[in-house]
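Enquirer: Provided herewith is a single structure, encoded as structure tokens, for subsequent inquiry.
Derivation of every value follows stated rules applied to the coordinates shown; laboratory data play no part. Model, not experiment: these values are computed from the prediction. Every residue, glycine among them, receives a Cβ derived from its backbone with ideal geometry; neighbour counts consider all protein chains shown.
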Amino acid sequence: MWLQTTWFVLYVIIISGYVILDGFDLGVGMLSPFITHNDHDRRILLNSIGPVWDGNEVWLVLGGGALFAAFPLVYASLFSGFYLAMMLVLLVLIMRTVAIEFRSKRPEAWWRSLWDWTFTLSSFGITILLGVALGNVIRGVSLDQHGNLNVSLLDLLNPYSIALGLVAVAMLCLHGAIFLTQKTEGELLTSIKRLIPKLLIAFFILMTALIIWTLLRDEQFTQNFKDRPWTAFFPLLAFISIAAAWLFIRRGAYLSAFLASATMIALLMGAIACGMYPVMLRSTTNSAYDLTVQNASAAKETLTVMFVIALIGMPFVLLYTAGVYYFFRGKVELDDDSY
Amino acid sequence: MFRTEQIEQNEGSKLSVEVLHRIQFALTISFHFIFPPLSLGVGMILVIFGIKSVRTKDPKWRQLSMFWVKIYGLIFAMGIATGIVQEFEFGTNWSQYSRFVGNIFGSLLAAEGIFAFMLEGGFLGLMLFGGTRLGNRMWLFATTMVVVGATFSATWIVMANSWMQTPQGFEIKDVGQGPQAFMTSFHDVVFTPSFLPRVLHVIAACWMVGSSLVLSVGAFYILKKRHVELAKTMVRVALPVFTVVALLQVAVFGANQATEVAKNQPAKLAAMEGLYQSESCAPMYLLGWTDANAQTTNGIHIPCLLSFLTDKSFDATVTGLEATPRDEWPAVNLVFQVYHLMINLGMLFILIGLVACGFWIWKRKIWNQRWLLWILVSSVVLTELATETGWWTAEFSRQPWIVWQVLKTTDAYSPNVSFSQVMFSIVMFVLLYIVVFVVFIRLLDRHIKEGPPPPVDPDETSSLPDSFGEIFRRRSRVSSGGD
């Protein structure tokens, strides 16, 4: 049924939207202590994401809601199966939200330093946890015939998934640094630009290694690319986008660099989706228990209603998201409203 | 929790995991539910300030807006942080429920995400950071969009919950993945019989909570003789809203709900009023205590009022709990008590509102009535308590059903999550929420004690972009460099 595939594609788009948008503000959180310890500059970094971070986080809520509605069986199995990991995700999400909100409300140095570290550590936590979760989704989990699984926290931390977590950290740090080039100036900009080549090399090496590892260890994933050779464009174009981002940075075309980085993230998410499709959650116990786009989706009526809702809603969402980003464009200046 | 019959050993342990899941959900949603009504209600007051700013050009309205928008931001952040927990918990703790209702409930949540959260999240930045960037009209526009988003959000979530109370527009089929509810009519799912009365009741409750916070802060400043003129303005705006909504809440929205519940969920109404036997001329209690063994309720009551409220006739018969099998009763006394606490608080709000309005109309004597001002200071705690007990009434009285007469709560939780895992997350949430709440209250307190920012020069405000054209022609700000 084309609707199921359409929803799978829409779902990948929503998740990519989340990784691109919340990705740069997570990156800013992770990078902050490596860029500056001076309070004024810290506030510049924080306020670069100030007006948009909560809008970005809404994409995660949307992702959860869309998964619940379009693929309820995946939502139920995945969220309950990764119970403790999900609880930790919630813990760090809450800590991060309050850290941003509380930090500049009081002038004391200890107070600000406490919430700065909370902000940074929780940004790392979200990135690693979600990266590890994605790693386990790609690897497959011990689904039984009722769609139940229970993975302990230690089982989640297998080498492959940890590697994916690290790639996620490198990718979002790079994405965040590229974002910051649009928002900063002077010495702060110089120190960020010094970080970018290092991040880029680290990410490039880690990602290439992970792609090779995935293709070697995962026959089904590799087979899917062989069966649908055109999908190889996704990873190939992703590499071209990284190169483009690098060239744009060197030319000082920061907005183009950011867009190239965002495109790269979308292409990589697309590549993972191509390697998985039609499986959404693979069972390592028995492939008959796999949750796929076909057997785990909501029924036609629901998918149709949801599709109409998405058609009405998404253009507005994109329009005012673009409008808000346009409004807050340019370098950050601190004022009375700032965090 | 309510079964007293002999329970087998393994049944016993199963039951306690269920209870833990329920405790966690109850704790996290009750904590979350402190914030959205506050932000929706305060947002509505901000819209009033915004309109006044545009109409009168008096800088005090802008000054008030910028003071309250900071409080709004703090509340909103708490709402987001605790709200994501709720969305995740359907999957983590209630996976069987999620599988069963995903086709219906999931789509309402997703619609909330697209229509409501995106609108709020998108415009929130403009609202919070608009003080130095937007003129009065554009700031009002951004704020209105956020409030519209919050209202949509309340609407979709109450719609989803109303489907759990009065489900319709679906059929149950097993297509190889266990029984699932499939949508047969989106229209019926959206417009369940309880939806409209409930959403009006909830939105009115949000306005009560928001206006009472503004009243509370205003009255506090007057008592402390600080920012007195601005504080009087706060009270002048919030008090009429509070009083009118309090009256509407009891006389219209609340009464509507009684009729609706009596019609669609008679067992629920019977538990709320502690009515064991079906009766004509059924009484309505003001205070009381239900006795499960004797199946009687004792207390102060008004004869025949319940019959009148449900069917506009004093001798209408109201169905008692006897019509429902014993094992499908909720915890009657618990429901009775939280429901009556809500009702009595609702009556108290009318009294407070009318007395305060009376002293205001009577030669503005309200400003000297310290006892009355102190009551107004405490009003926000009372309205919060009333909203919480209202939500508890709705949820407790639906038990043992998670979807009314379709799916039991005991069949809804995640079977693959262990006792110790839920125990861990409950402890985690309790500790986390205590810390976050203490910091939230202290920051709120500090912000209130610091008081409003100095008034903004109207010339400065009028130089800010104040139409879509001006916003998008505005050049990217020239960098000033350094500090």
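Enquirer: Using alpha-carbon positions, what is the distance between the centroids of region A:167-232 and region A:1-42, in Å?
Expert: Each part's Cα centre sits 13 Å from the other's.
Enquirer: To continue, here is another question. Excluding residues fewer than 8 places away in the same chain, name every one of the aspartates and glutamates whose C-alpha is closer than 14 Å to that of B:Lys408.
Expert: Within reach: B:Glu18, B:Asp327, B:Glu328, B:Glu395.
Enquirer: Just list whichever of A:Lys105/B:Lys225; B:Lys70/B:Lys363; A:Lys193/B:Lys70; B:Lys57/B:Lys225; B:Lys232/B:Lys312; A:Lys183/A:Lys226 have alpha carbons separated by over 31 Å in the model shown. List each step's numbers first, then the result.
Expert: On the way: A:Lys105/B:Lys225 25 Å; B:Lys70/B:Lys363 34 Å; A:Lys193/B:Lys70 34 Å; B:Lys57/B:Lys225 26 Å; B:Lys232/B:Lys312 42 Å; A:Lys183/A:Lys226 42 Å.
From A:Lys105/B:Lys225; B:Lys70/B:Lys363; A:Lys193/B:Lys70; B:Lys57/B:Lys225; B:Lys232/B:Lys312; A:Lys183/A:Lys226, over 31 Å: B:Lys70/B:Lys363; A:Lys193/B:Lys70; B:Lys232/B:Lys312; A:Lys183/A:Lys226.
Enquirer: How large is the helix-only mean residue ellipticity at 222 nm for chain A, computed as the sum of -39500 (n - 2.57) over DSSP H runs with n ≥ 4, divided by its residue count, in deg cm²/dmol to the nearest 500? Each step should come with its number before you reach the end.
Expert: Values: 13 runs with 264 residues, N = 339.
Per the formula, -27000 deg cm²/dmol.
Enquirer: So, one more: Quick check on chain B: helices-only [θ] at 222 nm, where DSSP H runs of length 4 and up contribute -39,500 (n - 2.57) each and the sum goes over total residues. Nearest 500, please.
Expert: Dividing the helical sum by the residues of chain B leaves -21500 deg cm²/dmol.
Enquirer: Then there is this: Calculate how steeply helix B:118-128 sits against the longest principal axis of the alpha-carbon atoms of chain B, using the helix alpha-carbon long axis, and give the answer as 0 to 90 degrees to the nearest 10.
Expert: Once rounded, one gets 30 degrees.
Enquirer: Moving to a separate point now. What do you get for the angle between helix B:9-32 and the principal long axis of chain B? Use alpha-carbon atoms, 0 to 90 degrees, nearest ten.
Expert: The helix B:9-32 is inclined about 20 degrees to chain B.
Enquirer: Using Cα centres only, tell me the gap between region B:413-471 and region B:146-168 in whole Å.
Expert: Between the Cα centres of region B:413-471 and region B:146-168 lies a distance of 22 Å.
Enquirer: Let me know the shape class of region B:325-480, please: from the alpha-carbon gyration tensor, a ≥ b ≥ c as square roots of the eigenvalues, rounded when a/c is under 1.5, otherwise prolate if a/b is greater than b/c, or oblate.
Expert: Oblate is the answer for region B:325-480, as a/c is 1.5 or above yet b/c matches or exceeds a/b.
Enquirer: Same structure, new question: Under the rule a/c < 1.5 gives rounded, and otherwise a/b versus b/c splits prolate from oblate, where does region A:2-321 land using the Cα gyration tensor?
Expert: prolate
Enquirer: What does DSSP give for the protein assembly as shown in terms of the percent of beta bridges that are antiparallel, rounded to the nearest 5? Write out the running numbers ahead of the final one.
Expert: Values: 18 of 19 bridges.
Bridges in the protein assembly as shown are about 95 percent antiparallel.
Enquirer: Distance between the C-alpha centers of region B:61-124 and region A:240-294? Whole Å please.
Expert: 27 Å
Enquirer: Same structure, new question: Taking the Cα centre of the protein assembly as shown as origin, work out the dipole magnitude from +1 charges on Lys and Arg Cβ and -1 charges on Asp and Glu Cβ, in debye rounded to 20.
Expert: About 2560 debye.
Enquirer: Identify unpaired cysteines across chain B, taking unpaired to mean no other cysteine Cβ lies under 4.7 Å from the residue's Cβ.
Expert: Among the cysteines of chain B, those whose Cβ sits 4.7 Å or more from every other are B:Cys206, B:Cys357.
Enquirer: Also: Compute the helix-to-body angle for A:72-81: its Cα long axis versus the longest principal axis of chain A, expressed 0 to 90° and rounded to tens.
Expert: 70 degrees
Enquirer: In terms of the Cα gyration tensor, with a ≥ b ≥ c the square roots of its eigenvalues, is the protein assembly as shown rounded because a/c is under 1.5, prolate because a/b exceeds b/c, or oblate?
Expert: oblate
Enquirer: Can you tell which of A:Ser283, A:Phe328, A:Pro315 lies farthest toward the positive end of the dipole of region A:247-339, using +1 and -1 charges on the Cβ of basic and acidic side chains (Lys, Arg; Asp, Glu)?
Expert: Going by the charge dipole, the pick is A:Ser283.
Enquirer: By counting other Cβ atoms within 10 Å of each Cβ, how are A:Trp246, A:Trp2 ranked from fewest to most?
Expert: Ordered from fewest to most neighbouring Cβ atoms within 10 Å, A:Trp246, A:Trp2 come out as A:Trp2, A:Trp246.
Enquirer: Also, I was wondering about something else. At what distance in nm do the modelled label points of B:Lys173 and B:Ser30 sit from each other, each positioned 7 Å from its Cα along Cα→Cβ?
Expert: My value for the distance between the label points is 4.1 nm.
Enquirer: Compute the longest continuous run of chain B that contains no exposed GluC sites (Glu not before Pro); treat a site as exposed when its DSSP state is not H, G, I, E or B and it has at most 13 other Cβ atoms within 10 Å.
Expert: Excluding the exposed sites themselves, the longest stretch runs over B:9-483.
Enquirer: Ranking A:Glu101, A:Glu185 by Cβ neighbours within 10 Å, fewest first, what do you get? Don't skip to the answer; put the middle values down first.
Expert: On the way: A:Glu101 23, A:Glu185 17.
Sorted ascending by nearby Cβ count, the order is A:Glu185, A:Glu101.
Enquirer: With a 10 Å Cβ neighbour count serving as the proxy for reagent exposure, in which order, fewest first, do A:Thr302, B:Thr461, A:Thr5, B:Thr56 appear?
Expert: Least crowded to most crowded, the residues run B:Thr56, A:Thr5, B:Thr461, A:Thr302.
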